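Have a look at the structure below, then the notes.
Here, each number is a calculation from the coordinates, and none is a lab measurement. What you see is a predicted model, and the numbers here were worked out from it, not measured in a lab. We place every Cβ from the backbone using ideal geometry, glycine too, and count neighbours over all the protein chains shown.
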Amino acid sequence: MINRKVVVLSGAFACIAGCVGDFLTIYILGSEYPDYSQLHDTMSSLGSSVSPVSDIISISWIILGILMVMFALGFRAAYSPGDKYVKIVFWLLILYGLGEGLGSGLFKADRVSGSYTTSFIIHDILGSAGVFAILILPLIVQKIKPFFSSWGFIRFSRITLILGILFLALFSFRFVGNENNLLARYKGLWQRLFILNSYIYISFIAFRMIRKTIHKE
């Protein structure tokens, strides 16, 4: 039987590696895509079939999904697995890993003659599910016993949730505005700020898991 400490630490380090690796990969590969803008273009366009880095970014997203599933397992092992809020967080992390990770990697955001392909639609549905999962995560984590006893963490969770909603709302302007609309034009920036905000939050949880496990055992 796998040692609980190993599961917790592996999950925590998987989370940190996934968050840092995802951001670095997007930045590095974005610079290899001619005329691609980190501020104006979405991350999904890096994985479209017309992208010169399509296959590499798809593989990196699949790896991200696997790492997030590992994090979910580690989180459940670190805290009371019978607690209903721990279970909800576990499934939210699984949904994020499957949606934004595996879903984005396996289904490319392709368009043909301006029309959405089936792959694009699946990519969008799975990605949206993953985004929703990571957005509401702070709302649930703060209800778990080791976390709700810390007012500082509760405040951190609320700030993360508010910023997440703000950045997601700004990112949504791409649906109602054109390139002449300043908010719609910077969709790439809003998307990256949303992801960064979420990654800081879950990385902090991962560090708490590491500290808790090492000091306890």
TODO: Evaluate the Debye formula for the chain with equal point scatterers sitting on the alpha carbons, no solvent, and hand back log10 of I(q)/I(0) at q = 0.14, 0.15 Å⁻¹, in q order, two decimals.
DONE: -0.85, -0.96
TODO: Filter the DSSP H helices in the chain by two things, a Kyte-Doolittle mean of at least 1.6 and an axial alpha-carbon span of 15 angstrom or more, and list the hits by number.
DONE: 54-78, 118-141, 151-171
- [ ] Describe numerically, in nm with one decimal, the distance between label points set 7 Å from Cα along Cα→Cβ at His215 and at Ser31.
- [x] 3.8 nm
Open item on the list: If I stretch the segment between Val176 and Val50 completely, what's the gain in nm (0.36 nm per residue apart, minus their alpha carbon distance), one decimal?
Closed with: 42.9 nm
TODO: In whole angstrom, note down how far apart the Cα centers of the stretch 149-179 and the stretch 34-91 are.
DONE: 18 Å
Task: When each of Lys145/Lys187; Lys108/Lys143; Lys84/Lys187; Lys5/Lys87; Lys5/Lys84 is checked by Cα-Cα distance, pairs over 25 Å - done: Lys145/Lys187; Lys108/Lys143; Lys84/Lys187
TODO: Subtract the Cα-Cα distance of Ile59 and Ser128 from 0.36 nm times their separation in residues, and report this length gain in nm to one decimal.
DONE: 22.9 nm
Open item on the list: So if I place +1 on the C-beta of Lys and Arg and -1 on the C-beta of Asp and Glu, and nothing else carries charge, what would the dipole magnitude of the stretch 4-211 be about its Cα centre? I want it in debye, nearest 20.
Closed with: 1100 debye
TODO: Mind telling me which of Arg155, Arg76, Arg192 comes out most flexible in a GNM of the chain, alpha-carbon contacts under 10 Å?
DONE: Arg155
Open item on the list: Cross-link candidates for Lys212: which aspartates and glutamates have Cα within less than 20 Å, leaving aside residues fewer than 8 places away along the same chain?
Closed with: Asp83
